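Please treat every number below as a calculation from the coordinates, not as lab data. Note that the coordinates shown come from a computational prediction; the quantities given were computed from them, not determined experimentally. In this analysis, Cβ positions are derived from the backbone assuming ideal geometry, glycine residues included, and neighbour counts consider all displayed protein chains.
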Amino acid sequence: MRLHLTVDRQHSINYLPTDELLQQWANSAYANHDEKITAEAALLIVDQATITQFNRDYRRQDKATNVLSFPANLSAIDGIIQLGDIIACAPIIHAEAEQQHKSINAHWAHMMIHSTLHLQNFDHSDTKEAQTMEALEISLLEQFGFRNPYLIAD
């Protein structure tokens, strides 16, 4: 395991993926192939009120969102890189999965891969960056048997 994910469940909702699945999905998106380096990240699972507060405080957007990523941008210390923190809103992720006709696990996998890429400074603020990031997400999700999350469901 190259990436260790610490999961803090501050919100309970039915059918949350296991810590092991969340770990696998995040680990798949960790790009450092130096076996001497381990990365650590934290995942905080929250409700809508909590993510709204984080979004307001850190992005100046007074609304709920599915996931926020906070890259640490630190160098390795003693062979360990602190990648940063992910805050995920379980009710929004579940509602999006339903609206998009996806399984809950497929959407959580996408959110974990997407967020872990953000922790490594991948971005989608312009078309070229978005295409690069989305292609990587699609490829990683296919490894878990999940289809392209950017296709519109019938």
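Here the Karplus relation 6.51 cos²θ - 1.76 cosθ + 1.60, evaluated at θ = phi - 60°, turns the backbone of region 42-57 into coupling constants of 10, 10, 10, 9, 10, 9, 5, 4, 5, 5, 4, 4, 4, 5, 5, 5 Hz, with x for every Gly and Pro.
Computed from the C-alpha gyration tensor, the three semi-axes of the ellipsoid equivalent to region 3-143 are 23, 17, 16 Å, from longest to shortest.
Taken one residue at a time, the phi angles of region 67-74 give Karplus couplings (6.51, -1.76, 1.60, θ = phi - 60°) of 8, 10, 10, 10, x, 7, 6, 10 Hz. Gly and Pro are set to x.
On a straight-distance basis, which lysines could pair with residue 102 in a cross-link, Cα separation under 27 angstrom, same-chain partners fewer than 8 positions away excluded? Straight-line reach from residue 102, under 27 Å: 63, 128. Using Cβ point charges alone (K and R +1, D and E -1), the dipole size of region 5-150 about the Cα centre works out to roughly 320 debye.
For residue 7, the residues whose amide H sits under 5 Å from its own are 43, ignoring neighbours fewer than 5 places away on the same chain, with H placed 1.01 Å from N.
Sequence-ordered 3J(HN,Hα) estimates for region 3-12 from the Karplus curve with 6.51, -1.76 and 1.60 and θ = phi - 60° stand at 10, 9, 10, 8, 10, 10, 8, 9, 9, 10 Hz, glycine and proline given as x. In this structure, the amide hydrogen of residue 81, modeled 1.01 Å from its nitrogen in the peptide plane, lies closer than 5 angstrom to those of 38, 39, 40, counting only residues at least 5 positions away or on a different chain.
Taking amide H as placed 1.01 Å from N in the peptide plane, the amide H of residue 64 sits under 5 Å from none that are at least 5 places away or on another chain.
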